[in-house]
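The structure appears right after this line, and notes come after that.
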Amino acid sequence: MKTQTLPTANPIFERTEKTVFTTPKISQTVLKNRLVLGTTILMLLIGASTVYVLQDDFYNFNESRMDSTLGFTFLMVTLALLAFKSIYFLYTVYLYLTYKPIASVTDELLPTITVIVPAYNEGHLVHQTLLSIASSDFPKHKLQILAIDDGSKDETWYWMQKAKQTLGNQIEIFQQPENKGKRHALYRGFHLGTGDVFVTIDSDSIIEKDTLRNLVSPFATDENCGAVAGNVRVLNNKTAILPKMLNVSFVMSFEFVRSAESRLGSVLCTPGALAAYKRTAVFNCLPEWINQTFMGTPSDIGEDRAMTNMILKQGQKVLFQRNAVVLTDVPEKYKGLYKMFIRWGRSNVRENLAMANYVFTNFKKESKTGTRLLFINQFLTLAMTYPFLLFMLFFIAIHPLLFVSSTLLGILLFSTFPVLFYAKKYSISESLWAYSYSILFTFGLFWIAPYSIATAGKSGWLTREIAQK
């Protein structure tokens, strides 16, 4: 993504980009980026060519599988799953094409809101976050801003105080006596907030001027709206390679997947970077949320996914607003990336199990088919994790060349859609990072899903320490 292409008059965006993320070695960076992209394309072309050359070997391998009862069964299951995924994908495309974000309502119709910013070891960036919120074009008399330092070990509290000095009565700042976790910081904010809608924003995120009003407008137009997810883009994607990859991935995850989920009124996760919740919906599940456990251990991760799940369980809609944009900081190194994915993976396992307890009940008056379809898709993905892992290891051991070449061909075919999707909406050159991301995820992060399932009961934020990137 090129964040400068986003239309905004907010000076916070400009100041952040100029002072925090620019680098004097831009020519070397561009050269490195081109080298990575060039290597990516070359690998995919070599993989496709190898598959063509080794057609006979692939035919013999598949024939040997067909002669085995286990191999034949696995092949049939794979084909059935592929058929389901193909139909599901086409349905998702249809939902995306029929999706439209709700336009901002007038100032008179906007609900009163409380923006809660929990922060831990965020340093200077929390200052930028608070300034961007205060610069919103949301009616000031309907806006309450609460910033809560969750026992940081760095200068986060200092920068909150600086923001307070600059903004005065526009914000209120609080400090937890000790680090108790993001969930507890939000819990305190929920009890301190006076708004009809709670907006949660991560302390490493910057919003546009019209983000807040666009985010909460669905509450004014649909009385059954219980929560709204914002549109998350990557802030620090100017030079670092991983953020460039993640930016394309985020566009697919939010602007494509969540657009489709929103049409069903069942967005499965409102992101911590930017989300809004109806006050009554929050307090309906707040005791269960703050006391949530998994395998006897208090849950200190996945607070956003858990809140979303509990609001869906109430029979209320969870929507997505494509026009409510937030830019958020993401890991720039492999270690920070895989820790973030492990946390998300564990939360995904936990909340899918929780969702299984109600999704096939009469949990809402409106159609439940769409919500159930979304659940089945996620459940099948989790259920097939270990069978496909075992097959992958078997394939590598028996025919490593066939495995690598066929996998690269699969990446070339299946990643072309996100490439075209991003290219049409934003930038052709930046869209190619979808290929690089797919290679990284397939060969460098394939272990995340099985590891997350096996360790779903473990706690810990993993990425909340100083110098985590």
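The values are calculated or read from the model by the stated rules, or taken from the named source; none is laboratory data. These numbers were taken from a predicted model, which means no experiment stands behind them. Because the Cβ atoms are built from the backbone with ideal geometry, glycine has one as well, and the counts that use them run over all protein chains shown. Just so you know, the surface numbers come from the protein's heavy atoms only, side chains and all, with ligands and any DNA or RNA stripped out. Shrake-Rupley method; radii C 1.70, N 1.55, O 1.52, S 1.80 Å.
Summary of values
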read-out	value
Sole residue being assigned to a helix (DSSP H, G or I), surrounded by fewer than 16 Cβ atoms within 10 Å (Cβ to Cβ) and not basic (Lys, Arg), chosen from SER406, SER429	SER429
Qualifying residue in the stretch 96-105 (condition: open to solvent by 70 Å² or more (accessible area, probe 1.4 Å) and part of a helix (DSSP H, G or I))	yes
Looking only at the stretch 53-72, and only at residues there that are in a helix (DSSP H, G or I), of a type in the set (A, V, I, L, M, F, W, C) and in contact (Cβ under 8 Å) with a residue 24 or more places away in the chain, the one that is most open to solvent (accessible area, probe 1.4 Å)	PHE58
Filter result for the condition that a residue is in contact with a helix residue (DSSP H, G or I) (Cβ under 8 Å, 6 or more places away or on another chain), surrounded by 11 or more Cβ atoms within 10 Å (Cβ to Cβ) and closer than 17 Å to SER405 by Cβ, over LEU81, LEU44, LEU75, LEU37	LEU44
Residue match in the stretch 41-60 (condition: under 27 Å from the mean Cα position of the chain (by Cα) and modelled with pLDDT of 85 or more)	yes
In the stretch 382-397, the residues that are out of contact with any Phe, Trp or Tyr (no Cβ under 7 Å at 6 or more places or on another chain) and free of Cβ contacts under 8 Å to residues at least 40 places away in the same chain	ALA383, PHE388, LEU390, LEU393, PHE394, ALA397
Qualifying residue in the stretch 108-120 (condition: within 24 Å of SER262 (Cα to Cα), touching a residue at least 24 places away in the same chain (Cβ under 8 Å), open to solvent by 60 Å² or more (accessible area, probe 1.4 Å) and outside any helix (DSSP H, G or I))	yes
Residue that is nearest to LEU110 (Cα to Cα) [pool: residues in the stretch 163-181 that are in a helix (DSSP H, G or I) and either hydroxyl-bearing (Ser, Thr, Tyr) or touching a helix residue (DSSP H, G or I) at 6+ places or on another chain (Cβ under 6 Å) (or both)]	GLN170
Residues of the stretch 135-161 satisfying the condition of being closer than 18 Å to ALA273 by Cβ and part of a helix (DSSP H, G or I)	THR156
